[in-house]
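S.K.: Have a look at this one before I ask anything.
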Amino acid sequence: MWWLKDVWVIDPSQTLSAPRHVLIKGGQVLEMFASMTEEEVLTIAQGESVETINGEGKFLFPGLIDVHTHLREPGQEEKEDILSGSRAAVRGGFTTILAMANTKPVIDNRALIEFVRMQGERAGYAHVLPIGTVTKGMQGGELVEMADMKAGGAAAFSDDGKNIQNAEVMRLALEYAKITGLPIISHCEDKDLAGEGQMRRGMVSARMGLKGIPASAESVIVARDLLLAEETGGKLHLAHISTTESVDLIRQAKARGVNITAEVNPHHLIFCDEEMGITDTALKVNPPLGSQKDRESLIEGLRDGTLDMIATDHAPHTMAEKSRPFAEAPFGIASLETALSAIWQHLVVPGRLSFERVIEAWSVSPAKRFGLPGGSLKPGAIADMVLFDPDFSEVIDSTQLVSKARNTPFLGKNLQGFPVMVWVEGQLVQKNRTVLGK
């Protein structure tokens, strides 16, 4: 049994942000008290040994749930695999991750859904839940067998990496997915507008001499998919929102009662295109970093609930790939191990976002939308939880990362505020930034 003493509990599912004593037993949250003596704990333990943690000065909150993670297995294990990715997840405070389907081969049938799920179980760290494609071969045409894939363990459906360009296919997907109760996740990008662009179109792309992707490449598809969700009553989730126009469209759709949620990535909240240089391939992402105005709109959208969730879009690549010239390097940031600390340091500490809102967006909201265990520390809840030390600092060193990927803009930089203990189903899997062996 675990006894966390005098820890500041943040649990938006209970509208709780206060000091508490927390007892964990049998993989569940047993009880929570404003005060507690050792004698009382031993009475409750009934002879079971008690591990005591002094939580003074630290935060305890439900394990983070990342609904947008690329684990690359099967087929691209040189970039990441399910074991390394799930270890990186718990190092960063994530106890559940949803693995995107754009692997090689793509996850478009029940057998592959079950493969990913079982690989996650074998790894034994974070819960790994597979996302299936929407269309067979991720070709944007024929729909997959969604009901069968849900039976195999699919948590959602997405052709992330390729947007479904055909509006009728997207409409049918939203209709068909209703029988599963699972969301369709839209990668909002009009490929004709995006073309061969490398970064957001604007003054910075012109100065750098790079082909630009207009903001409308995203917002046009956001508008389309919001209208289709409204028409069908389907369950839509919009991935990696990055533009002011998209935030405005989502806000208006929610006011009309459309059944939608939306996510924003940490890098779009922290960086903008004005901070990029021609050698900054770690900041080459898709959708591309927007303007300062876009960044402010995203922060406000997250603050007021227009944007429901934060999701990493962890996109690991080899250093050889990311060392290519900017125009040739792949899109993506590896972020599972640094995302929470980066948000804490760049947005919570300066007062741009409350930590309570961050935990709600990264734990409670994903659990609710995707129908997942976790997202709460109520008595009886699964003991997926994180102890966070706001004073713990670390220089991001490539030799310390447990992900196979090193494509992070924080490499060599000092960050402060990290998860120092992480439990999955009551089992300690990370301590002082070290992932424990299995």
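S.K.: Any idea what angle helix 167-177 forms with the longest principal axis of the chain, computed on alpha-carbon atoms, 0 to 90 degrees, nearest 10?
M.R.: Tilt relative to the chain: about 30 degrees.
S.K.: Under 5 Å between amide hydrogens, which residues at least 5 positions from GLN76 or on another chain qualify, with H placed 1.01 Å from N in the peptide plane?
M.R.: Placed amide hydrogens put LYS104 under 5 Å from GLN76.
S.K.: Work from the charge dipole of the range 48-131 (Cβ charges, +1 for Lys and Arg, -1 for Asp and Glu, about the Cα centre) and give the residue of GLY85, PHE59, VAL106 farthest towards its positive end.
M.R.: Looking along the dipole axis, the top candidate is VAL106.
S.K.: First measure r as the distance between the Cβ atoms of GLU48 and ASP6, then evaluate 1/(1 + (r/R0)^6) with R0 = 25 Å and state the FRET efficiency to the nearest 0.05. Write out the running numbers ahead of the final one.
M.R.: Details: r = 21 Å, r/R0 = 0.86.
That pair, GLU48 with ASP6, gives E of 0.70.
S.K.: From the backbone phi of the range 74-81, what are the Karplus-calculated ³J(HN,Hα) couplings (6.51 cos²θ - 1.76 cosθ + 1.60, θ = phi - 60°) in whole Hz, Gly and Pro given as x?
M.R.: Rounded to whole hertz, the list is x, x, 10, 5, 5, 8, 5, 9.
S.K.: To continue, here is another question. Name the residues whose placed amide hydrogens come within less than 5 Å of the amide hydrogen of ALA383, ignoring near sequence neighbours (fewer than 5 apart) on the same chain.
M.R.: Counting only residues 5 or more places away or on other chains, the set is GLN28, VAL29, GLU425, GLY426.
S.K.: Could you pull out every residue, at least 5 positions away or on a different chain, whose amide H is within less than 5 Å of the one on VAL9? Hs are placed 1.01 Å off N in the peptide plane, and Pro or chain starts have none.
M.R.: Close amide H contacts, sequence-distant or interchain: ALA18, ARG20, LEU60.
S.K.: Something else now. What is the antiparallel percent of DSSP beta bridges lying wholly in the chain, to the nearest 5? Let's see the in-between values first.
M.R.: Numbers: 33 of 62 bridges.
The answer is about 55 percent antiparallel.
S.K.: Still on this model: Between GLY375, GLY233, LEU428, whose Cα lies farthest towards the positive end of the dipole of the chain when Lys and Arg beta carbons carry +1 and Asp and Glu beta carbons carry -1, centred on the Cα centre?
M.R.: Checking the options against the dipole of the chain, the answer is GLY233.
S.K.: Now, a different point. For SER354, put the label point 7 Å out on the Cα→Cβ axis and report which residues of the range 43-62 keep their amide N under 20 Å from it.
M.R.: Backbone N within reach: 57-62.
S.K.: Any idea how far apart GLU56 and LYS378 come out in nm if each label point goes 7 Å out from Cα toward Cβ?
M.R.: So the label points at GLU56 and LYS378 sit 3.2 nm apart.
S.K.: A further question follows. Just want the answer: with Cβ charges of +1 for Lys and Arg and -1 for Asp and Glu, which residue in ALA206, GLY195, TYR125 is farthest toward the dipole's positive end in the range 63-370?
M.R.: Value: TYR125.
S.K.: Once phi is turned into ³J(HN,Hα) by the Karplus curve 6.51 cos²θ - 1.76 cosθ + 1.60 with θ = phi - 60°, what whole-Hz value does each residue of the range 300-311 show in order, with x for glycine and proline?
M.R.: In residue order, the calculated couplings are 5, x, 6, 5, 8, x, 4, 9, 7, 9, 9, 9 Hz.
S.K.: Which length gain, in nm to one decimal place, applies between ALA111 and ALA327 when the Cα-Cα distance is subtracted from 0.36 nm times their residue separation?
M.R.: On the way: separation 216, 0.36 × 216 = 77.76 nm, distance 3.66 nm.
Working it through step by step, the gained length comes to 74.1 nm.
S.K.: Moving to a separate point now. Send over the semi-axes of the range 166-281's equivalent ellipsoid, whole angstrom and largest first, taken as the square roots of 5 times the C-alpha gyration tensor eigenvalues.
M.R.: Working: eigenvalues 177, 41, 28 Å².
Equivalent ellipsoid semi-axes, largest first: 30, 14, 12 Å.
S.K.: In whole Å, how far is the Cα centre of the range 164-187 from that of the range 318-352?
M.R.: 30 Å
S.K.: Determine the sum of side-chain charges near ASN54: Lys and Arg each +1, Asp and Glu each -1, restricted to other residues whose C-beta is under 10 angstrom from that of ASN54. Present the calculation step by step, with values, prior to reporting the outcome.
M.R.: Numbers: positive: LYS5, LYS58; negative: ASP6, GLU56.
Net local charge, ASN54 excluded: 0.
S.K.: Quote to one decimal, in nm, the extra length available between MET203 and LYS293 on full extension: 0.36 nm per residue of separation minus the C-alpha distance between them.
M.R.: Computed gain between MET203 and LYS293 is 31.0 nm.
S.K.: Something else about it: With viscosity set to 1.002 mPa s and temperature to 20 °C, compute the Stokes-Einstein D of the range 63-370, Rh being the Kirkwood radius across alpha carbon pairs; µm²/s, no decimals.
M.R.: Numbers: Rh = 19.1 Å.
Result for D is 112 µm²/s.
S.K.: Please report, in debye to the nearest 20, how large the charge dipole of the range 63-370 is about its Cα centre when each Lys and Arg carries +1 at its beta carbon and each Asp and Glu carries -1 there.
M.R.: Values: 33 positive and 42 negative charges, 60 e Å.
Value, rounded to 20: 280 debye.
S.K.: Give me the net charge for the shell around ALA282: Cβ to Cβ below 10 angstrom, other residues only, Lys and Arg +1, Asp and Glu -1. Write out the running numbers ahead of the final one.
M.R.: Details: positive: LYS284, LYS322, ARG406; negative: ASP280.
With Lys, Arg at +1 and Asp, Glu at -1, the neighbours total +2.
S.K.: Where does each of 21-30, 138-147, 219-228 land if you order them by average Cβ count within 10 Å, highest first? Walk me through the numbers on the way to the answer.
M.R.: Details: 21-30: 18.6, 138-147: 16.8, 219-228: 21.7.
Listed from highest to lowest mean packing, they are 219-228, 21-30, 138-147.
S.K.: Can I ask one more? Normalising by the residue count of the chain, find the relative contact order in percent from Cα pairs under 8 Å and 6+ residues apart. Working shown, then result.
M.R.: Values: 1067 pairs, mean separation 84.4, N = 438.
Relative contact order here is 19 percent.
S.K.: Right, something else. Restricting the calculation to Cα positions, tell me the Rg (one decimal) and the Dmax (whole number) of the range 26-123 in Å.
M.R.: Computed over the Cα atoms of the range 26-123, radius of gyration and Dmax are 19.2, 57 Å.
S.K.: Here is a follow-up. Under 13 Å from the Cβ of ALA253, count the other residues' Cβ atoms, weight Lys and Arg +1, Asp and Glu -1, and hand me the total. If you can, show how the numbers build up before the last one.
M.R.: On the way: positive: ARG224, ARG251, LYS254, ARG256; negative: ASP225, GLU230, GLU231, GLU245, ASP248, ASP308.
Result for the local shell: -2.
S.K.: Okay, moving on. Roughly speaking, what is the stretch gain from GLU168 to PHE392, that is 0.36 nm per residue apart minus the C-alpha to C-alpha distance, in nm to one decimal? Working shown, then result.
M.R.: Values: separation 224, 0.36 × 224 = 80.64 nm, distance 5.07 nm.
Here the segment from GLU168 to PHE392 would lengthen by 75.6 nm.
Every number here is computed from the coordinates shown, using simple stated rules; none is lab data. Computed from a predicted structure; not experimentally measured. Here Cβ is always computed from backbone atoms with ideal geometry, including for glycine, and neighbour counts include all displayed protein chains.
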